[in-house]
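The values are calculated or read from the model by the stated rules, or taken from the named source; none is laboratory data. The structure displayed is predicted, hence computed values, not measured ones. Cβ atoms come from the backbone with ideal geometry, glycine included; neighbour counts cover every protein chain shown.
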Amino acid sequence: MSMEFWQSFAPAAPDPPEWHGAYAAPMPDGSRLVLPLRDLGDSAVAGLIVTQASFPVVDQLAAWLAERVARFGADIVVGLPTLGHVVGAALARALGHGNWVAAGFSRKLWYDEALSVPVASITSPTAGRRMWLDPRMLPRLHGRRVLLADDVMSTGASMQAGVALLRAAGIVPVAVGVAMIQGNRWQAGWDGPPVVGAFATPLFRRGPAGWIALPETAPHELCAPPG
């Protein structure tokens, strides 16, 4: 299997019993996208870094995602920092929007502390970091159907922070759109809006000679919140 990750789509092929270093994730059209496997000890996950992906791959993922979130009738997309900025911008263009809104990790002089929330993620667990929303963007958001966008839904911690940030501004997003839903760990504590992914990948357990995919941990492309 080619180790040139995230650069092009490969033809459909049967899954091997075990995976070694990489996983060929099925795409909506039946093609595959080769992703690296991240060793977490007894388990592993498939990784997607959209800032390292080719433009054609990003654009196609955004197109598939746009088709799946169209049902929510979003007027504006808010992209979460920082990899969600790539997805947010591409998704907004695919939906035919003229602009989008970027949340950020850095505070500008005119930002309001009330429009910020603490945040951590599986890949960036550093304590003390905050996510900010530019108050000058509020007129672009109020009274509109807002969709939150990010690159990957993994534990759900970053997206929960994004939902909390919008709620602090008096906004309830209609849905969450991500390029990849990574396993189902986020579902246990999720209390936000419906989650849609361009594609989903399972969790993996260590096998005798490689990694065994657990298909039951790859959720459907649309996952309504519990209850």
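In the range 155-171, which residues are farther than 15 Å from Trp132 by Cα and in a helix (DSSP H, G or I)? First the steps, then the outcome.
Quick first cut of the range 155-171, residues farther than 15 Å from Trp132 by Cα only: 155-157.
Answer for the range 155-171, where residues must be farther than 15 Å from Trp132 by Cα and in a helix (DSSP H, G or I): just Ala157.
Scanning the range 85-93 for any residue that is more than 23 Å from Gly183 (Cβ to Cβ) and exposed (fewer than 15 other Cβ atoms within 10 Å of the Cβ) turns up nothing. Restricting attention to the range 118-135, does a residue exist that is modelled with pLDDT of 95 or more, of a type in the set (Asp, Glu), over 26 Å from Trp6 (Cα atoms) and in a loop (DSSP other than H, G, I, E, B)? The answer is yes, given that some residue of the range 118-135 is modelled with pLDDT of 95 or more, of a type in the set (Asp, Glu), over 26 Å from Trp6 (Cα atoms) and in a loop (DSSP other than H, G, I, E, B).
Please go through the range 55-74 and pick out each residue that is part of a loop (DSSP other than H, G, I, E, B) and surrounded by fewer than 15 Cβ atoms within 10 Å (Cβ to Cβ). Reasoning before the result, please.
Residues of the range 55-74 that are part of a loop (DSSP other than H, G, I, E, B), as a first pass: 73-74.
Result: Gly73, single match.
Only one of the numbered conditions (1) of a type in the set (A, V, I, L, M, F, W, C); (2) assigned to a helix (DSSP H, G or I); (3) at pLDDT 95 or above; (4) more than 23 Å from Phe55 (Cβ to Cβ) is not met by Val87, and that is (4). One residue stands out in the range 141-195 among those that are crowded, with 24+ Cβ neighbours inside 10 Å and of a type in the set (D, E, K, R): the one that is nearest to Thr51 (Cα to Cα), namely Asp151. Checked against (1) of a type in the set (A, V, I, L, M, F, W, C); (2) within 17 Å of the chain's Cα centre (by Cα); (3) modelled with pLDDT of 95 or more, Leu141 meets all criteria but (2). Taking the stated definitions as given, is Ile49 closer than 24 Å to Val146 by Cβ and either touching a strand residue (DSSP E or B) at 6+ places or on another chain (Cβ under 7 Å) or modelled with pLDDT of 95 or more (or both)? No: the conditions fail for Ile49. Of the set (1) in contact with a Lys or Arg (Cβ under 6 Å, 6 or more places away or on another chain); (2) assigned to a strand (DSSP E or B), all apply to Val152 but (1).
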